[in-house]
Every structure is written in C-alpha cells, then in structure tokens.
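As structure tokens, the structure follows; a few thoughts come after it.
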Amino acid sequence: MIEVVGNVHMHTPYSDGALYHADLAQVALEAGLDFICVTDHNVYVQGVERYHGSADGRRSLLLLVSEEIHDQIREPQKNHMLAFGIDRELSTLAQDPQRLLEAVRASGGFAFLAHPYEEAAPVIGEDDLGWVDWQVSGYAGIELWNYMSEFKSLLHNLPGMLFYAFKPERGIRGPFPQTLALWDGLLARGQRAAVLGGSDAHGQTYSAGPVRRVVFPYAYLFRAVNTHLLLEQPLSADFARDRAAVLDALRLGRGWVGYDLPAPTRYFRLWAEADGRTLQMGEAGRLPKGGAQILASLPLSAHVKLVRAGEGVVWEGTSDRVDYRATLRGAYRLEAWRRFRGRERGWIFSNPIYLTE
Ligand SMILES: [Zn+2]
Ligand SMILES: [Zn+2]
C-alpha cells in the first residue's frame, strides 16, 4: 500500500481564509503534504483543481476542491457538511440536509459531517456549530478531529486566549471525547462511518488587546492534524485517476487521523488477518469461526488502545505493536496517545476494520 498525507479542511478568500489556492499548494508542498482538499464555505470554486509542483520541481501536490456547506439562514447556526468529489455548486440545498446529502451523492461525491460536536467560545463571539440533524442518512463519515474547533474550546477568557494563541500545543489534546463517543455509537449500531482529521485552517489575523497576530498560519496547521490515506498504487500525475483514488480512500476510511506535530505518524499500519485474507482500515470481511488476528505497527512506542465499538477498550498497552485475537464481530479501531508538552495527547486515530457475520 502507498501512503499519502493530506489536509482536507481549509479556507481561502473565496470564503473566510487568507491564502488563495496556488499559495496554499506551495505551503502544503513545503509541509511535505501530498494532497489538500480546499473546503470554502458555501462556494464551490470551479477550475482550480490540478497538480501543483514545488519550486525545485521535485515534488507535486494534488489540489482538490470541496465545499463546506451550511444553512446561512438557520438560527442558531449548525450543521456544517463537508462535500467532497462534487462537480457543482450545492449550497442552495443547505436548508434541507437530507436533500443536500442526496444531491452530493448524485453529483458523484460524498459527505462528512464537519466538527459534529463543538463548544461555543463566547469570548470571541463564536457559536457552537455542531451537527444537530442526526436523523439524516447517507454520509460517509464524520470529522473526528478539527484542530481549530478544539482550539476554540480552549478560549474561556482573554488571558487563556493569549496563552493558547502563543502556545497552542499546550492546549490541543485530541478529538473531543464526545465526538469519539458519537462515532462509536454509529459504529456500534452497524453503520459504516469513516473519519477524517481537518485543520480548518483560515490563516486569519486575530487581535486581542494590543496583540495582533496571525494565529495558526497554514504552514503550522499543515504539520499538525492530518489525514493519512493508503492507496493501491502510487500517485501517477494522471490527474483524473489520482483524484478518484484519493477520494475513494477518503470516503472508505482507508487510513487514519494523525497529529504529526509531536512525532510524524507516517508508516503507521493497522490490518487484520482473517481466513487468509488481509483487511486494511476501512475494509470489511467475515469473521472466521476461530477468530481473526488484528495487527498494528506504529512508528514509535505509544499508549495504544484497541477499541471495539460498543464494547470499549479490548486491549491496551505501551508498545509499537499490537497482536490481538478478535473472536467477536464488530468494528475495531485503534487509538494511540503520546506524551508531548507535559501530558498525554492524541496521536493516531485509525479508521475501523469491520469484522462481520
Ligand atoms: Zn465549519
Ligand atoms: Zn471550515
């Protein structure tokens, strides 16, 4: 399998971000990313999807355009949806999330629910923009970890805001426990639900009293919470083929969410051996009578938890390997935590492997 690393949630001046697509591509190339998905609010920007090359001509980056859609009339504001792989403007359907989901699929795309659990930050006048219309169906998954959304949850007062603006890595801890619980709930009910991690980068300048600062430049966020995907074949520079391969892997959850700032999560792998067949993250297979072996390899030793959705942690230890005999069907996922800046922080959150009847 070929690993590619990308960031899949960010904004440009077409909505409320600071840098345009070509500049984002250069920043992402410098950060070592292979692809980015630009997700402007309620605008599908046409004609900018393409490969971008680095200045030295050695590397290239696949830039894809998606859209973050929400109903701008709704009070209070809720329900941000990330629509990937679409081919037209769809924000006119934002009032009805189910109709919108169907339109996303009809246009060849798929959707993730953005920052499904959120906390308001009254100190900067930001509402909780979580997902509330849970009766909808037909989405590919949820955004498990949104960096800027977590940052927002740290802003309780002005001193705290200043502290975390300069030392964000002291505050960032991992996906909200509520989001993890939401996800496990979906999986335990038998739903296939992939996850992605997004920076939600805007590159904006914030002012707090005398301090004016670009908090969280794109360059910083592209080195923090990323989405790692496994592809069958290397990217080929054939744009249409590579676009389809990256989007398929994202939709199916063939990879993991990695906080690459404490230590790169590259080369993490989780797989299962069942009846002589290897199942990768995001894949489903029948659980043999004698059970299946779930295996993992981590780039560094970490506090690892293997979770069976609906049951909880089924194996836990400090290691760079996992070798677990699964005898019950269900969705199995791995999370790994590492000490960084004085405490344990989320590092790797895998997509599930589904062992079925
Ligand atoms: Zn949003
Ligand atoms: Zn956003």
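All of the numbers you see were taken from the coordinates with simple rules; none came from a lab. Predicted model only: the values in this text are computed from it and were never measured. Here the Cβ is made from the backbone with ideal geometry for all residues, glycine too, and neighbour counts use every protein chain on show.
How big is segment 258-357 on each of its three principal axes, counting only the C-alpha atoms and giving the largest first in Å?
That gives 45, 25, 18 Å along the principal axes, largest extent first.
Which of 78, 167 comes first, and how do the rest follow, when ranked by fewest Cβ neighbours within 10 Å?
Placing the least packed residue first, the sequence is 167, 78.
For segment 228-298, which trypsin sites (Lys or Arg not before Pro) are in a loop by DSSP, counting at most 13 other Cβ atoms within 10 Å?
Passing sites in segment 228-298 are 266, 289.
Give me the distance in nm between label points sitting 7 Å out from Cα along the Cα-to-Cβ direction at residue 313 and residue 22, one decimal.
Result: 5.1 nm between the two label points.
Give me D for the chain in µm² s⁻¹, whole number, from Stokes-Einstein with Rh from the Kirkwood sum over alpha-carbon pairs, 4 °C and 1.567 mPa s.
Rounded to a whole number, D works out at 63 µm²/s.
Checking the cross-link filter: which lysines have an alpha carbon closer than 18 Å to that of residue 167, excluding same-chain neighbours under 8 positions apart?
Answer for residue 167, where 18 Å is the Cα cut-off: 152, listed by chain and number.
Find which of 94, 235, 112 sits farthest along the positive direction of the dipole of the chain, computed with +1 on the beta-carbon of Lys and Arg, -1 on that of Asp and Glu, about the Cα centre.
So the residue furthest toward the plus end is 235.
If I build a Gaussian network model for the chain, linking alpha-carbon pairs within less than 10 angstrom, which residue out of 55, 201, 111 has the largest mean-square fluctuation?
Top of the fluctuation ranking is 55.
Take 196, 162 and order them by how many other Cβ atoms sit within 10 Å, fewest up front.
Neighbour counts put them in this order, fewest first: 162, 196.
Mind checking which of 142, 36, 124 has the largest fluctuation in a GNM of the chain, springs on alpha carbons under 10 Å?
124
As I understand it, the value is the acute angle between the Cα axis of helix 21-30 and the longest principal axis of the Cα atoms of the chain; what does it come to in degrees, rounded to 10?
Roughly 50 degrees between the two axes.
Taking the Cα centre of the chain as origin, sum charge times position over the Cβ atoms of Lys and Arg (+1) and Asp and Glu (-1), and report the length of that vector in debye to the nearest 20.
1080
If you consider only alpha-carbon coordinates, what radius of gyration and Dmax does segment 1-150 have, in Å?
Using the Cα atoms of segment 1-150, the pair Rg, Dmax is 15.8, 49 Å.
With a cut-off of 11 Å, note down the residues of segment 1-28 whose backbone N falls inside the zone around a label point 7 Å from the Cα of residue 77 toward its beta carbon.
16
For a quick check: sort 81, 281 by the number of other beta carbons within 10 angstrom, fewest at the front.
81, 281
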